Amino acid sequence: MRIDRRTAILSGGAAALALPAASSPMADLHLPGGPSLRPTVRDFAGKRDMIVQRVRPPMLETPRAVFDSGVFTPNDRFFVRWHWAGMPTSIDAGAFRLNIHGAVKTPLSLRLQEVVRAGESIEIAAVNQCAGNGRGLFQPRVIGAQWANGAMGNALWRGVRLRDLLDKARVTGAARHVRFTGLDTALIDGAPQFRKSLPIDKARDADVIVAFAMNGENLPLLNGYPLRLIVPGWFSTYWVKMLTDIEVLTGEDDNFWMAKAYRMPSVPVKPGDKDFPSHPVAAMPPRAFVTNFETGDAVPRGRSIELRGVALGGDCGVAKVELIGANAPVTATLEADHGSFGFRRWRATLPAGTSRFGARCTNVRGRTQPLAQAWNPSGYARDVVEMMDLKLT
Ligand SMILES: Nc1nc2c(c(=O)[nH]1)N[C@H]1C(S)=C(S)[C@@H](COP(=O)(O)O)O[C@H]1N2
Ligand SMILES: [Mo]
């Protein structure tokens, strides 16, 4: 893989701010109680046919049908999420540096080519899923990006191990956490720069990579060109894009995005609860989705239905996918295994006359999707079996 040394620019400059045309079709996200319709956009700086959740900073959702087209999500259909609008719309690859500093013996400022050559080049299939994927489906509803289940995607990520870079910088024995920062900044005075940290042991995990390619191409700018962190099995809040700064910390990271945001209640909570103990959202739970039908689709009453879908085991592989709510539990056939952290495609036959059903994933550690969603005020880590209703005609 040769990284493109030319300057990467969001195609068409102003396209980054283009509003959906009035004529663009609307997508129904089936959010309970609405508002459920979103505009779609045909062209958006290297993307096509995406659901527009927000224009600036961009939040684009992948339509469900894309997950039916193959196990890997094409780069131009891959979801996009940025927290702050101060994201560069062009990057000069020649001038770019990745700095590694803090509790290290040899602080480094590496050129792109030096990063690419810093260790063995490895490729790993992994699902990038926003912690808020499916947030819009929570009941009671919660504030935040009202995603349906298209804030996820599966890609082949190529890069070098983070630990090879850390070794190059000679991390000291005092290291406890490693903090990652991208090139994006907040436009609002005093707003906290987006930064995320991993415990040092997780940072040294053989699967954690600094990626420079996605599905065999340079990372799209909106997905983090030229470098991004990949933490297979963990929610994508840690997958820092346009990664330019790695700081080795001797203690806990108390920055806003670790200490205040992206935290899960450590005890059961209900709406209105405050001051409950919490911990950072991290590993993903198992999930399964039907990809060739949407809820509300009409199907012939007297015939069985061939279903296709994708599943993820979360932070380990998929052991089983089954249909529940069908006349009898139906076990799905799993397709090719691309590794523990990617999508696993599946297919199953839904018995004739079934109108309400869901697909349930169990991972290789025996964790199974629940039938009721544990509620949390930020709408993180949705993992309930997604029930679907078909109209029998
Ligand atoms: N630099 C930077 N990296 C970031 C973010 C961000 O706002 N800035 N958002 C994170 C979150 S919350 C998500 S869901 C993913 C989205 O990745 P994608 O846009 O490639 O799909 O990027 C992560 N990495
Ligand atoms: Mo996210």
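The numbers here are math on the coordinates, done by the rules we state, and not lab data. What you are looking at is a predicted structure, and each value in this text was computed from that prediction instead of being measured. Here Cβ is always computed from backbone atoms with ideal geometry, including for glycine, and neighbour counts include all displayed protein chains.
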(request) Among what's in segment 58-109 and is more than 12 Å from ligand 1 (Cβ to nearest atom) and charged (D, E, K, R), pick the residue that is farthest from GLY153 (Cα to Cα). (result) LYS105
(request) Could you tell me whether PRO277 is more than 16 Å from ligand 2 (Cβ to nearest atom), over 18 Å from VAL208 (Cβ atoms) and touching a residue at least 24 places away in the same chain (Cβ under 8 Å)? (result) no
(request) Kindly indicate whether SER36 is polar (S, T, N, Q), away from ligand 1 (no atom under 12 Å from the Cβ) and closer than 25 Å to ARG141 by Cβ. (result) yes
(request) Those residues that are closer than 22 Å to THR73 by Cβ and out of contact with any strand residue (DSSP E or B) (no Cβ under 7 Å at 6 or more places or on another chain), I need them from segment 115-136; list them, please. (result) ALA131, GLY132, GLY134, ARG135, GLY136
(message) Can you report the number of residues in segment 256-275 which are among the aromatic types (Phe, Trp, Tyr) and away from ligand 1 (no atom under 13 Å from the Cβ)?
(response) 0
(request) Among residues belonging to segment 173-204 that are over 26 Å from SER90 (Cα atoms) and assigned to a loop (DSSP other than H, G, I, E, B), point out the one that is farthest from ligand 2 (Cβ to nearest atom). (result) GLY173
(request) Give the residue, chosen from ASN149, ASN133, that is of a type in the set (S, T, N, Q) and under 18 Å from ILE230 (Cα atoms). (result) ASN133
(request) Mind counting the residues in segment 294-322 that are assigned to a loop (DSSP other than H, G, I, E, B), buried (at least 21 other Cβ atoms within 10 Å of the Cβ) and touching a Leu at 6+ places or on another chain (Cβ under 7 Å)? (result) 0
(request) Could you please give the count of residues in segment 140-165 that are under 30 Å from ASP273 (Cβ atoms) and not in a loop (DSSP other than H, G, I, E, B)? (result) 1
